[in-house]
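Visitor: Before I ask anything, here is the structure I am working with.
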Amino acid sequence: MDAVTFGVLGAVTAGRGPHPLALKGPRHRAVLARLILARRRVVPVARLVEDLWETPPPRAVGAVRTFVGDLRRALEPDRPPRAPARLLVTEGPGYALRAAPDAVDAWRFETAVAEADRLPAAQAPDRLRAALGEWRGPAYAEFGTEDWARGERSRLTELRLRAVERRAELLVELGRAAEAVPDLDAHLAEHPWREESWRLLALALYRTGRQADALAVLRRARALLAGRLGIDPGPRLRRLEAGILAQDPDLDPPGEPADAAARLWARATEAYDRTVAAGARARLESTVGLLRSLAVTGGGGLEAAREHRMAAIQAAEETGDADLAARVIGAYDVPANWTRSDDPELARRIVEAAERTLAVLPEAPSADAARCRLLATVALESRGVRSARGPRAAAEAEGIARRLDDPALLAFALNGVFMQSCTRAGLAPRRDAIGAELVDLGLRHGLVNHEVLGHLIRLQARAALADLTAADEHARAADRLAERHERPLVAVFTAWYRALREAVSADSSPDPSDLSDSPGSSGSSQDGAEAAYRSAAARLDGAGMPGLERGLLPLALLGLRLSRGRPARVDPGADWGPYRPWAEPFALLAEGRDTEARGALRALPEPPPDLLYEALCCAEAALALALGDRTALRRTYDRLLPAAGELAGAGSGLLTFGPVDAWLAAIRRALEA
């Protein structure tokens with residue numbers, strides 16, 4: 001029988017051969033992770049209790065023993081009854097995991113890194129590459145906030161970062177600088193504060209004959225360090241920049257001809273050509289490339305990308321070069337699956353810049369790709385805005401991309417089409433088809449970010465269509481890709497989907513027109529769904545997505561109550577963000593101010609064209625049912641009817657107001673009364 005192996009360089013896992021072992025709940029995985037972290041040493045039961053609970057329950061010790069028993073059955077299913085455990089053993093006051101030295105991915109990684117230091121330089125890069133291949137995501141991924149895991153996570157992460165840099169350094173020294181560039185670029189997108197990585201990337205570029213790009217990288221590093229941390233580059237970066245400007249022969253790649261005069265003349269000619277012909281272009285386009293890479297990391301990276309994107313666009317426009325402006329504006333093809341802008345004012349300015357550039361772009365086939373990117377940008381940045389321009393730009397971008405048969409361009413254009421696919425209710429099947437094509441494009445052409453986007457779009461669409469089995473599969477696929485390629489924002493959306501799943505699983509689909517608050521079996525299920533929503537909302541803190549975060553939790557909780565036929569109980573002091581117009585009438589109703597509530601209902605605008613269109617229609621329907629407003633009832637009925645058979649709001653992948661059919665039936669009864 002295959003030995004049991006364990007993984008902590010990503011989510012905590014256990015497996016036997018190719019088959020994963022079922023580890024039950026999160027506390028079971030926490031016990032296993034804590035024992036792996038102890039490295040075969042005994043962890044006292046009291047320490048496990050302390051680490052597992054902030055406030056231990058009365059029977060915490062018994063619970064730990066239950067978790068250990070369950071783990072033993074999973075790890076050693078063939079162990080005879082009462083036979084002593086061989087792997088997860090009891091010893092003294094606690095437990096120890098006697099895993100083999102090569103059974104844990106983190107231990108194998110550390111061994112391989114140490115071995116690479118002892119190998120000949122020519123063999124070490126391949127050994128380090130194999131070691132880095134052990135990583136599937138952040139170490140002890142699901143326990144990132146736990147005090148007991150923090151130190152080990154930091155240690156392993158630092159070891160990994162140094163391994164990436166050491167491998168790059170070896171490649172540069174071995175005359176294989178071109179191989180180091182892609183990995184360093186990706187590495188810096190996620191860890192932009194690593195000065196050694198900036199130095200190695202600039203040196204690698206210089207040694208591959210890309211002097212202008214090397215200088216652009218060093219200037220990007222200087223701007224980032226000064227702008228975000230208020231510090232100057234260290235002495236090694238400064239010396240490298242001076243050496244490149246002086247074309248120091250010591251920076252030459254190994255094995256270059258020794259004719260220094262000829263070498264310097266060639267370099268000077270190349271530098272002149274590159275700087276004069278492309279100077280601003282190289283710097284601006286490399287900056288946009290950095291911002292695009294930063295954006296997918298979420299949090300501070302996403303905020304930094306938003307902060308500096310418009311500055312790059314303005315600088316490109318100031319050159320008077322329409323082609324350059326088109327490339328800089330259209331290069332930001334960061335996949336997006338949320339149909340409300342994080343910064344509407346910035347989005348408006350980007351759309352205006354794209355439209356200005358479209359107006360002066362030459363009408364020639366050679367400009368078609370640039371035109372497509374500009375149109376896709378207009379479609380993406382017009383998300384959540386009700387106008388004819390967004391859908392028209394999306395359709396035109398898609399047409400150009402299909403004609404050019406460019407997979408990356410088509411993926412970008414389809415993202416724009418998706419953003420404009422919420423103009424009315426009932427468009428989930430259309431979005432599902434878009435997601436399916438994006439998944440296929442990503443798989444066939446190595447477009448990982450758009451493959452992830454496709455799975456998230458299909459998760460949303462299948463949830464809307466009440467096909468939760470398929471939605472579950474897409475959530476798992478997105479999580480697997482996110483772990484493998486370190487895309488932390490994905491977990492925000494899948495956590496919210498699982499909260500939605502909790503809400504739907506416990507939903508008995510009561511009549512929305514029955515707003516009684518009688519106790520019943522739905523109380524405990526609502527408590528569980530509410531806790532899941534609050535847990536998901538905590539993930540939004542620091543994620544860098546205010547367009548998603550603001551107002552989402554109170555709206556989700558409102559939908560939870562209304563979908564179960566319970567009173568709204570709106571907290572007017574909560575941050576309702578853009579959903580406040582739909583919340584305030586409920587507060588007025590609760591205070592007995594029916595006339596004012598009726599006026600607020602009649603003043604409600606049509607919901608914006610985004611993924612919460614059906615949810616807000618249901619909120620309006622609940623108000624109209626409570627107030628007996630027949631005009632509003634007819635209006636919401638007509639808006640919701642195309643979504644018959646769907647789960648209202650579930651197209652967001654985040655929350656639900658229950659089955660659309662239940663709302664339609666309640667409205668019909670009210671109108672027939």
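Visitor: For the range 622-665, what is one quarter of the convex hull surface built on the Cα atoms, given in nm²?
Guide: On the way: hull surface 12.2 nm².
Directional mean of the projected Cα hull area for the range 622-665 stands at 3.0 nm².
Visitor: For the range 2-45, what value does the Rg/Rh ratio take when both radii are computed over Cα atoms and Rh is the Kirkwood radius, given to two decimals? Provide the component values of the computation, followed by the final result.
Guide: Working: Rg = 10.8 Å, Rh = 11.1 Å.
Dividing the radius of gyration by the Kirkwood radius yields 0.97.
Visitor: Local charge sum around A537 (other residues, Cβ-Cβ under 12 Å, Lys/Arg +1, Asp/Glu -1)? Could you put the intermediate results ahead of the total?
Guide: Values: positive: R534, R539, R550; negative: E530, D541, E549, D575.
Taking every Cβ under 12 Å from that of A537, the sum is -1.
Visitor: Quick one: if you take sqrt(5λ) for each eigenvalue of the C-alpha gyration tensor of the range 29-157, what semi-axes come out, biggest first, whole angstrom?
Guide: On the way: eigenvalues 201, 69, 26 Å².
With the √(5λ) rule applied to the range 29-157, the semi-axes are 32, 19, 11 Å.
Visitor: Compute the distribution of all C-alpha to C-alpha distances in the chain, in bins of 20 Å from 0, and list the percent of pairs in each, rounded to whole numbers.
Guide: Taking all Cα pairs of the chain, the binned fractions are 16, 43, 33, 8, 0 percent.
Visitor: Turning to a different aspect of this structure: Give me the Kirkwood hydrodynamic radius of the range 295-407, using the inverse of the mean 1/r over all pairs of distinct Cα atoms, in Å to one decimal. Don't skip to the answer; put the middle values down first.
Guide: Details: mean 1/r = 0.0695 Å⁻¹.
Over the range 295-407, the inverse of the mean reciprocal pair distance is 14.4 Å.
Visitor: Moving to a separate point now. Under 10 °C and 1.306 mPa s, how fast does the range 597-673 diffuse according to Stokes-Einstein, given a Kirkwood radius computed over C-alpha pairs? Answer in µm²/s, whole number. Could you put the intermediate results ahead of the total?
Guide: On the way: Rh = 12.3 Å.
Approximately 129 µm²/s, per Stokes-Einstein.
Visitor: So, one more: To the nearest 500 deg cm²/dmol, what mean residue ellipticity at 222 nm is calculated for the chain from DSSP H runs of n ≥ 4 alone, each contributing -39,500 (n - 2.57), summed and divided by the residues? Don't skip to the end; give the middle numbers.
Guide: On the way: 29 runs with 425 residues, N = 673.
Here the helix-only value at 222 nm equals -20500 deg cm²/dmol.
Visitor: Please give the peptides 65-72, 472-479 ranked by average Cβ packing (other Cβ atoms within 10 Å per residue), highest first, as a rough proxy for protection.
Guide: On the way: 65-72: 18.1, 472-479: 20.2.
Ranked from most to least packed, the peptides come out as 472-479, 65-72.
Visitor: Another question, if that's okay. Checking a compactness column here: for the range 527-628, what do you get for Rg(Cα) / (2.2 N^0.38 Å), N being the number of residues? Write out the running numbers ahead of the final one.
Guide: Numbers: Rg = 13.7 Å, N = 102, 2.2 N^0.38 = 12.8 Å.
Against the compact-globule rule of thumb, the ratio is 1.07.
Visitor: Here's a follow-up. Report the semi-axes of the equivalent ellipsoid for the range 142-209 in whole Å, largest first, where each axis is √(5λ) for an eigenvalue λ of the Cα gyration tensor. Show your work: numbers first, answer last.
Guide: Working: eigenvalues 164, 23, 13 Å².
The three semi-axes for the range 142-209 are 29, 11, 8 Å.
Visitor: Ignoring ligands, DNA and RNA, what percent of the 1.4 Å accessible area of the chain is carbon and sulfur? It would help to have the intermediate numbers written out before the result.
Guide: Working: 15130 of 28880 Å².
Ligands and nucleic acids excluded, carbon and sulfur give 52 percent.
Visitor: Rolling a 1.4 angstrom probe over the protein heavy atoms, how many square angstrom per residue are accessible across the chain?
Guide: Values: 28880 Å² over 673 residues.
Per-residue accessible area for the chain comes out at 43 Å².
Visitor: Report the local net charge at R498: Lys and Arg +1, Asp and Glu -1, summed over other residues whose C-beta lies under 12 Å from its C-beta. Mind showing how you got there, number by number?
Guide: Working: positive: R476, R501, R539; negative: D472, D479, E502.
Around R498, the charge tally is 0.
Visitor: With a cut-off of 8 Å between alpha carbons and a minimum separation of six or more residues, what is the relative contact order of the chain in percent?
Guide: Working: 1026 pairs, mean separation 60.5, N = 673.
Across the chain, relative contact order equals 9 percent.
The values are calculated or read from the model by the stated rules, or taken from the named source; none is laboratory data. These numbers come from a predicted model, not from an experiment. Cβ atoms come from the backbone with ideal geometry, glycine included; neighbour counts cover every protein chain shown. Protein only, heavy atoms only, side chains kept; ligands, DNA and RNA dropped before computing areas. Shrake-Rupley method; radii C 1.70, N 1.55, O 1.52, S 1.80 Å.
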